[in-house]
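Take a look at the structure below.
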Amino acid sequence: MEILDHLIAPISEKPVEEVIVGVHSVLVKTADNCGIASTIKYCSPHENVRNAGELEKLNLHQLAEYAYSKNLLEASIGMAAINCFHSTKITNPNSLNAKHIILEQGGNKIVGVIGHFPFLEKQKEQYKSCYIFEKQPQEGDLTEADIPNYLPSVDVVAITATSITNHTFDEISKYLPAKSYNIMLGPTTPVSPILFEFDIDAVSGSFVDNFEQVKKYVIQATPTRYLQGIKYVTILKEDYL
């Protein structure tokens, strides 16, 4: 979990004000910011979250360390805490959408996508080939077991940030081609230049723009793509060279 070590190390011990775990999203709020991450639910329905009911008594660093947990619901909370910290460090993100970056970089090329994103259905015919690797595969998807066989041959790689939450990113990164253009995307994405150290070229995530608005939608089980009160942001490695 090397990537988690790097993301968690700089996080301060500031107090946490609210922790909200919705069906689809998690929010972690401090006095001056809020982080969001997708809720990963494929774990035992009877597995409890440590310190549930008193999570606000933990500081932000302690909560971020939940990202190491094998209980992926806890790990989702940890990722929201990580994002709460790192989003405060980005002052001038742009509004590029990840799906447009994938299309721009991958047109008429071989694209590999870790995670099944809805927009792929409309875009994948514009690529020479499009391999979709999914932990819970839909029709036409490949599985995680296929990554070593297919991923090394692609030109553009798009990786869901939930690969950090479920602790598969370090293994996936072993199969990234030497010259591929690599994008990390999704609401769980830590928008931080730290990811550039792990061969990511574009980092596309979400910032909470209006906490009270997004909180209401999260509590009422709104899927991430329909949330109100967030904005999509991207940082590019080329801007940090």
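The values are calculated or read from the model by the stated rules, or taken from the named source; none is laboratory data. It should be emphasised that the depicted structure is a prediction, and the values quoted were computed from it without experimental measurement. Using ideal geometry, Cβ is built from the backbone for each residue, glycine included, and neighbour counts are taken over all protein chains shown.
Here are the numbers:
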read-out: Complete set of residues in region 76-115 that are among the small types (Gly, Ala, Ser), in a helix (DSSP H, G or I) and closer than 24 Å to LEU142 by Cβ; value: ALA98, GLY106
read-out: Residue check, SER76 of a type in the set (S, T, N, Q), in contact with a strand residue (DSSP E or B) (Cβ under 7 Å, 6 or more places away or on another chain) and not assigned by TED's automatic domain parsing to the domain that holds ILE172; value: yes
read-out: Condition met for GLU54 (among the charged types (D, E, K, R), within 17 Å of the chain's Cα centre (by Cα) and over 19 Å from VAL214 (Cα atoms)); value: no
read-out: Selection within region 129-140 - more than 20 Å from the chain's Cα centre (by Cα) and within 20 Å of TYR175 (Cα to Cα); value: SER129, CYS130
read-out: Qualifying residue in region 223-238 (condition: under 23 Å from CYS130 (Cβ atoms), among the aliphatic types (A, V, I, L, M) and modelled with pLDDT of 95 or more); value: yes
read-out: Meets criteria (out of contact with any Pro (no Cβ under 6 Å at 6 or more places or on another chain) and assigned to a strand (DSSP E or B)) for ILE147; value: no
read-out: Evaluation of ILE219 against (1) modelled with pLDDT under 95; (2) under 19 Å from ILE40 (Cα atoms); (3) surrounded by fewer than 19 Cβ atoms within 10 Å (Cβ to Cβ) (one fails), failing number; value: (1)
read-out: Which numbered condition ASP170 fails, given (1) in contact with a strand residue (DSSP E or B) (Cβ under 6 Å, 6 or more places away or on another chain); (2) in a helix (DSSP H, G or I); value: (1)
read-out: In region 153-185, residue farthest from the chain's Cα centre (by Cα) [restricted to those that are surrounded by 24 or more Cβ atoms within 10 Å (Cβ to Cβ) and free of Cβ contacts under 8 Å to residues at least 60 places away in the same chain]; value: VAL154
read-out: Verdict on VAL203 being within 24 Å of GLU74 (Cα to Cα) and among the hydrophobic types (A, V, I, L, M, F, W, C); value: yes
read-out: Cβ-Cβ under 6 Å pairs, at least 6 apart or on other chains, region 217-241 side free of Cβ contacts under 8 Å to residues at least 40 places away in the same chain and over 26 Å from TYR181 (Cα atoms), far side crowded, with 19+ Cβ neighbours inside 10 Å and hydrophobic (A, V, I, L, M, F, W, C); value: TYR217/LEU227; GLY229/VAL214
read-out: Filter result (under 28 Å from PRO223 (Cα atoms) and assigned to a loop (DSSP other than H, G, I, E, B)) within region 150-167; value: ALA161, ASN166, HIS167
read-out: Total residues in region 112-136, condition of a type in the set (A, V, I, L, M) and surrounded by fewer than 17 Cβ atoms within 10 Å (Cβ to Cβ); value: 0
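Residues are listed down the side, and each one gets a yes or a no for (1) under 21 Å from VAL28 (Cα atoms); (2) of a type in the set (Lys, Arg):
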| site | (1), (2) |
| --- | --- |
| PHE169 | no, no |
| LYS174 | no, yes |
| ILE183 | no, no |
| PRO187 | yes, no |
| ILE194 | yes, no |
| VAL203 | yes, no |
| VAL218 | yes, no |
